[in-house]
1. Determine whether A:Ser68 is in contact with a helix residue (DSSP H, G or I) (Cβ under 6 Å, 6 or more places away or on another chain) and open to solvent by 30 Å² or more (accessible area, probe 1.4 Å).
2. Residues of region A:70-86 being in contact with a strand residue (DSSP E or B) (Cβ under 6 Å, 6 or more places away or on another chain) and β-branched (Val, Ile, Thr), which ones?
3. Can you pull out every residue in region B:47-76 that is under 12 Å from the mean Cα position of the chain (by Cα) and either within 22 Å of B:Ser5 (Cβ to Cβ) or facing chain A (nearest Cβ under 7 Å) (or both)?
4. Please verify whether A:Ser68 is small (Gly, Ala, Ser), away from every other protein chain (no Cβ under 14 Å) and more than 10 Å from the chain's Cα centre (by Cα), treating the condition exactly as stated.
5. Looking for whichever is more than 29 Å from B:Gly59 (Cα to Cα) and either of a type in the set (D, E, K, R) or at the interface with another protein chain (Cβ under 10 Å from one of its Cβ atoms) (or both) here; the options are A:Arg50, A:Arg36, A:Arg62. Which one fits?
6. Give region B:88-113 a look and list any residue that's in contact with a Pro (Cβ under 9 Å, 6 or more places away or on another chain) and facing another protein chain (nearest Cβ under 8 Å), or say none.
7. Looking only at region B:33-46, how many residues end up being at the interface with chain A (Cβ under 10 Å from one of its Cβ atoms) and either open to solvent by less than 20 Å² (accessible area, probe 1.4 Å) or in a strand (DSSP E or B) (or both)?
Amino acid sequence: SQQGEEDPQALSIQEGENATMNCSYKTSINNLQWYRQNSGRGLVHLILIRSNEREKHSGRLRVTLDTSKKSSSLLITASRAADTASYFCATVDDQAGTALIFGKGTTLSVSS
Amino acid sequence: GAGVSQSPSNKVTEKGKDVELRCDPISGHTALYWYRQSLGQGLEFLIYFQGNSAPDKSGLPSDRFSAERTGGSVSTLTIQRTQQEDSAVYLCASSPQGQGKAFFGQGTRLTVV
């Protein structure tokens, strides 16, 4: 099963520009997480935002969460070629015993 | 410290054969997840373990798929009578608890010929 839907599916920008990816989900959540995947193998955790938080920053990353709209956005500022990757949002429901469920991802391409 | 380890990295098998995929989570992590990812697609959830029990196995696509976890550590995902549509990368992740940050292995690329 997949919970989140990322938008857009693909994004191409120039180095130095900002990249914004959006994620929508369906259920009531405990937290929402963003991950990055290079070359179709293991994912790397970027940031976690809890349901009672509205915004979080980590370096060049800014994540917002709107639980009333069941949506989140990931902003990467001053993008670099090395940011080229696929980005996924994942949610944990607010019920115990539920798994981390991923969306379909956004493929970001940053050209120099 | 060691991360999540998956073996084998690559597996080519003939249609109809059984395969076993292994995941060694980070020591002390109680939560363990299995996902499947087809080329260019998102992560399809398969099963989630908390300790040795599986509170959520809703993602297993058919009764040919099974998974177990022993000693709250190593997990194996078994696919019986493999089909070509089983070809994918199988990813394992572990987490200190069930709701936090997950750490991923590098996956097993399964090719059914």
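The values are calculated or read from the model by the stated rules, or taken from the named source; none is laboratory data. Just so it is clear, the structure is predicted and the values come from calculations on it, not from any experiment. No Cβ is skipped: glycine too gets one built from the backbone with ideal geometry, and neighbour counts run over all protein chains shown. Note: areas computed on protein heavy atoms with side chains; ligands, DNA, RNA excluded. Shrake-Rupley method; radii C 1.70, N 1.55, O 1.52, S 1.80 Å.
1. Answer is no for this residue.
2. A:Ile76, A:Thr84, listed by residue number.
3. Across region B:47-76, the qualifying residues are B:Ile47, B:Tyr48, B:Phe49, B:Gly59, B:Phe65, B:Ser66, B:Ala67, B:Glu68, B:Arg69, B:Val74, B:Ser75, B:Thr76.
4. Answer is yes for this residue.
5. A:Arg62
6. Within region B:88-113, B:Ala93, B:Ser95, B:Gly98, B:Phe103, B:Gly105 qualify.
7. Residues meeting the conditions: 9.
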